[in-house]
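S.K.: Please see the structure below; I have some questions.
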Amino acid sequence: MNMRTPLSKVTGRGSSKFGTEDYWLQRVTAVAMVPLSIYFIFALICVVGEPHDRARAVLGSPWVAIPFGAMVIAGILHMKIGMQVIIEDYTPSDAWKILFVLMNNFFSALVALATLWAVAKLSFGM
């Protein structure tokens, strides 16, 4: 008895055996970014009009820097997964798909490193 769907028989590919993890990780990062973004926006509003040293002290405090770092990580993971889904769905050639997925991974890592470096620099006063 063959349990394959008619579509998998035609394409010859069958189930991809992945995707659920990315689906849930994207949903979890989206939910996590809601309170983290609200908290960070509130912190930014609190320093509007303050002197530079005061704003730097508030934004560099652990109470703001740690949630901001978590927001950066969640946001970049969310972006990376979303772009990967678009690349996998709309790139017809496997060679281009591999290239674009690699570029997406490197770009996401570069943005994460640069942003977390800026948060660390602000937080530790480097």
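The values are calculated or read from the model by the stated rules, or taken from the named source; none is laboratory data. These numbers come from a predicted model, not from an experiment. In this analysis, Cβ positions are derived from the backbone assuming ideal geometry, glycine residues included, and neighbour counts consider all displayed protein chains.
S.K.: Is it true that some residue in segment 41-62 is in a helix (DSSP H, G or I), exposed (fewer than 12 other Cβ atoms within 10 Å of the Cβ), of a type in the set (A, V, I, L, M) and free of Cβ contacts under 8 Å to residues at least 60 places away in the same chain?
M.R.: So far as segment 41-62 goes, yes, one or more of its residues are in a helix (DSSP H, G or I), exposed (fewer than 12 other Cβ atoms within 10 Å of the Cβ), of a type in the set (A, V, I, L, M) and free of Cβ contacts under 8 Å to residues at least 60 places away in the same chain.
S.K.: Follow-up. What about Ile76, is it at pLDDT 95 or above and in contact with a helix residue (DSSP H, G or I) (Cβ under 6 Å, 6 or more places away or on another chain)? Step through it out loud before you land on a result.
M.R.: Numbers: at pLDDT 95 or above: yes; in contact with a helix residue (DSSP H, G or I) (Cβ under 6 Å, 6 or more places away or on another chain): yes.
Here the answer is yes, as Ile76 does meet what is asked.
S.K.: Out of all the residues in segment 78-106, which are in contact with a Lys or Arg (Cβ under 7 Å, 6 or more places away or on another chain) and of a type in the set (Ser, Thr, Tyr)?
M.R.: If the condition is that a residue be in contact with a Lys or Arg (Cβ under 7 Å, 6 or more places away or on another chain) and of a type in the set (Ser, Thr, Tyr), then Thr91 is the only one that fits.
S.K.: State yes or no: is Met103 without any contact (Cβ under 8 Å) to a residue 40 or more places away in the chain, part of a helix (DSSP H, G or I) and under 17 Å from Thr29 (Cα atoms)?
M.R.: No, not satisfied.
S.K.: Among Val34, Val10, which is the only one that is part of a helix (DSSP H, G or I), out of contact with any helix residue (DSSP H, G or I) (no Cβ under 9 Å at 6 or more places or on another chain) and at pLDDT 90 or above?
M.R.: Numbers: Val10 fails: at pLDDT 90 or above.
Result of the check over Val34, Val10: Val34.
S.K.: For Thr115, only one of the following conditions fails: (1) among the polar types (S, T, N, Q); (2) under 17 Å from Met33 (Cα atoms); (3) without any contact (Cβ under 8 Å) to a residue 24 or more places away in the chain. What is its number?
M.R.: If we test Thr115 against (1) among the polar types (S, T, N, Q); (2) under 17 Å from Met33 (Cα atoms); (3) without any contact (Cβ under 8 Å) to a residue 24 or more places away in the chain, just (3) comes out false.
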